[in-house]
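Written out below as structure tokens is the structure these notes cover.
The values are calculated or read from the model by the stated rules, or taken from the named source; none is laboratory data. Just so it is clear, the model here is predicted, and its values are computed rather than measured. Cβ placement follows ideal geometry from the backbone for every residue including glycine, while neighbour counts extend to all protein chains displayed. Protein only, heavy atoms only, side chains kept; ligands, DNA and RNA dropped before computing areas. Shrake-Rupley method; radii C 1.70, N 1.55, O 1.52, S 1.80 Å.
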Amino acid sequence: MATSSLLTWNEASLNHTHRPTPDGPPLGRLPAVRAGETATLDVTSAVRGTGPLVFVLSATGPHPASYHSREAATGTPLLELETTGGGASDGAF
């Protein structure tokens, strides 16, 4: 996972050809994950204050993970954010 500085992408036109590309430093690597398992990655180093963030998942190796879109009938992805610090706005999105 890495970040991207492309903040103007449009979800309606997002596909394999038209997608944000990673241009920030890698934030970490995820271990092998089986279908239905949860993967956790600390992205604290990418948060530099308020404003939008774009995270890019990329796969390497012979068996890359694949993820469903939110439109899938089952197995839709879920992004869970855990926030700490930051005062009164902590956790307000």
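Before moving on, here are some points about what is shown:
- Candidates His68, His63 - the one that is modelled with pLDDT under 85 and either among the charged types (D, E, K, R) or touching a Ser or Thr at 6+ places or on another chain (Cβ under 6 Å) (or both): His68
- Within region 63-80, residues that are closer than 18 Å to Leu14 by Cβ reach partners that are in a loop (DSSP other than H, G, I, E, B) and open to solvent by 100 Å² or more (accessible area, probe 1.4 Å) with beta carbons closer than 6 Å, at six or more positions or on different chains, in the pairs Thr76/His68; Thr76/Arg70; Pro77/Tyr67.
- Checklist (1) open to solvent by less than 100 Å² (accessible area, probe 1.4 Å); (2) among the hydroxyl-bearing types (Ser, Thr, Tyr); (3) more than 24 Å from Leu7 (Cβ to Cβ) applied to Ser58, failing item: (3)
- Checking each residue in region 1-36 for being in contact (Cβ under 8 Å) with a residue 40 or more places away in the chain, in a loop (DSSP other than H, G, I, E, B) and among the aliphatic types (A, V, I, L, M) picks out Met1, Leu6, Leu7, Ala35.
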